[in-house]
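Everything below concerns the one structure shown next.
Coordinate-derived values only; no laboratory data. The model shown is predicted, which means the values in this text are computed figures rather than measured ones. Note: ideal-geometry Cβ built from the backbone for every residue, glycine included; neighbour counts use all protein chains shown.
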Amino acid sequence: MTEAQNNDRELQALLQLLDDPDQEIFSHVSGKLASYGPEIIPKLETYWEEALDLILQERIEHIIRHIQYHGLERDFKNWLENDADSLYKGALLVARFQYADIDEVKLRGEIDYIRRAIWLEMNYNLTPFEQINVFNHVFYSLMGFTGKTAETQLSLPGYFINQVVESKKGNAISLGILYTILAQELDMPVYGVNLPRHFVACYTKDFLETLDEDEDLRDQIICYINPLNRGTIFTRNEVTLYLKKIQEDPTPVHYLPIRNKETIKLYLQNLKLGYEADGNPEKSKELDGLIGLF
């Protein structure tokens with residue numbers, strides 16, 4: 001008997017034990033099935049479709065989710081070590097947390113379409129303020145992107161980049177991250193700013209990736225941008241007024257651009273708040289694990 005046949009027999013035996021009422025046996029079987037990795041997911045999905053017992057279906061779903069989560073965890077580690085400058089790839093990993101089977105080719109094509117539409121109108125002899133105005137005209141007026149109201153900021157629909165691209169509507173951080181991705185891919189040095197209870201962007205003099213990690217960023221900022229409010233340009237003084245309005249003591253970090261890795265960490269932290277508001281402690285705990293990688 002070949003190794004493949006042996007593996008198939010073992011797999012079938014394990015599947016037959018999935019509905020065993022003994023929790024210790026299920027735990028052993030679950031761990032063994034998970035060790036097969038992502039390639040076993042199609043067989044588990046087929047077995048789920050054939051299962052008539054709801055408890056059995058729930059157990060299969062648990063194993064699939066376990067496999068997908070650990071695959072995502074591995075890919076996040078790889079991104080942090082090798083590609084953390086890519087905001088798009090980080091946002092794609094965040095989307096996979098909810099949409100494990102996301103069509104990455106389709107999403108990339110849709111974002112490229114938006115980017116090209118802005119690029120066709122862009123003239124790089126323009127000042128940063130003029131570039132932002134061109135970007136805003138295409139992104140908001142021509143393409144129709146808009147922000148969610150304050151009442152829906154924690155609503156999970158609209159948190160993920162694929163949802164924003166599809167619906168053309170997002171909350172402060174999801175819409176802001178799409179805005180920042182497009183700007184960076186158009187050679188505009190735009191980065192997130194970590195404001196309490198909000199997410200805005202800023203246009204900097206240079207791309208942060210060209211600067212040393214310990215570089216003083218205070219002199220890098222040209223202006224601030226509010227993607228949630230149609231890309232409105234504002235100043236440092238208005239950041240201070242906002243902080244006073246929400247009764248937050250201003251600190252230097254509230255005014256500085258953050259690197260793409262920190263933007264994705266902030267994205268995950270906001271997403272965790274969304275799942276907590278949605279009453280989903282299991283996914284909130286999983287997000288703690290991903291945040292811990294940073």
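Assorted remarks:
- Length gained when the stretch residue 110-residue 68 is fully extended (0.36 nm per residue, less Cα-Cα span): 12.6 nm
- Under 5 Å from the amide H of residue 222 lie the amide H atoms of 203, 204, 205, each residue being 5 or more positions distant or on a separate chain, with H modelled from the backbone and absent for Pro and chain starts.
- Close amide H contacts of residue 200 (hydrogens built in the peptide plane, cut-off under 5 Å, sequence separation of 5 or more or a different chain): 193, 195.
- Were the residues from residue 98 through residue 235 laid out at 0.36 nm apart, the gain over their Cα-Cα distance would be 45.8 nm.
- Note: relative contact order over segment 99-186, using C-alpha pairs below 8 Å and six or more positions apart, is 26 percent.
- Couplings 3J(HN,Hα) of segment 227-237, computed from phi: x, 5, 10, 6, x, 4, 8, 8, 10, 4, 4 Hz, in residue order, whole Hz [Karplus 6.51 cos²θ - 1.76 cosθ + 1.60, θ = phi - 60°; x for Gly and Pro].
- Per-residue HN-Hα couplings for segment 165-170 [Karplus 6.51, -1.76, 1.60; θ = phi - 60°; Hz; x = Gly/Pro]: 5, 6, 8, 6, 8, x
- Segment 87-292 - percent relative contact order, Cα under 8 Å, separation 6 or more: 20
- Here residue 78 and residue 253 are evaluated by their C-beta separation; at R0 = 22 Å the FRET efficiency comes out at 0.20.
- Theoretical ellipticity at 222 nm over the chain - DSSP helices of four or more residues, -39500 (n - 2.57) apiece, nearest 500: -18000 deg cm²/dmol
- Inter-label distance for residue 123 and residue 49, nm, one decimal - labels placed 7 Å from Cα along Cα-to-Cβ: 5.6
- Database remark: amide H of residue 169 closer than 5 angstrom to the amide H of 146 (H placed geometrically; neighbours at sequence offset of 5 or more, or on other chains; Pro and chain starts carry no H).
- Overall dimensions of segment 204-273, expressed as equivalent-ellipsoid semi-axes from the Cα gyration tensor (√(5λ), whole Å, largest first), are 20, 17, 14.
- At q = 0.11, 0.14 Å⁻¹ the log10 of I(q)/I(0) for segment 38-161 amounts to -0.61, -0.86, computed by Debye summation with a single uniform scatterer per C-alpha, solvent ignored.
- The chain: antiparallel DSSP beta bridges as a percent of all, rounded to 5: 85
- Listed values (i) 14.2; (ii) 19.0; (iii) 24.5, entry calculated as mean projected area of the Cα convex hull in nm²: (ii)
- Among 211, 256, 175, residue whose mean-square fluctuation peaks in a GNM of the chain (springs only between Cα atoms under 10 Å): 211
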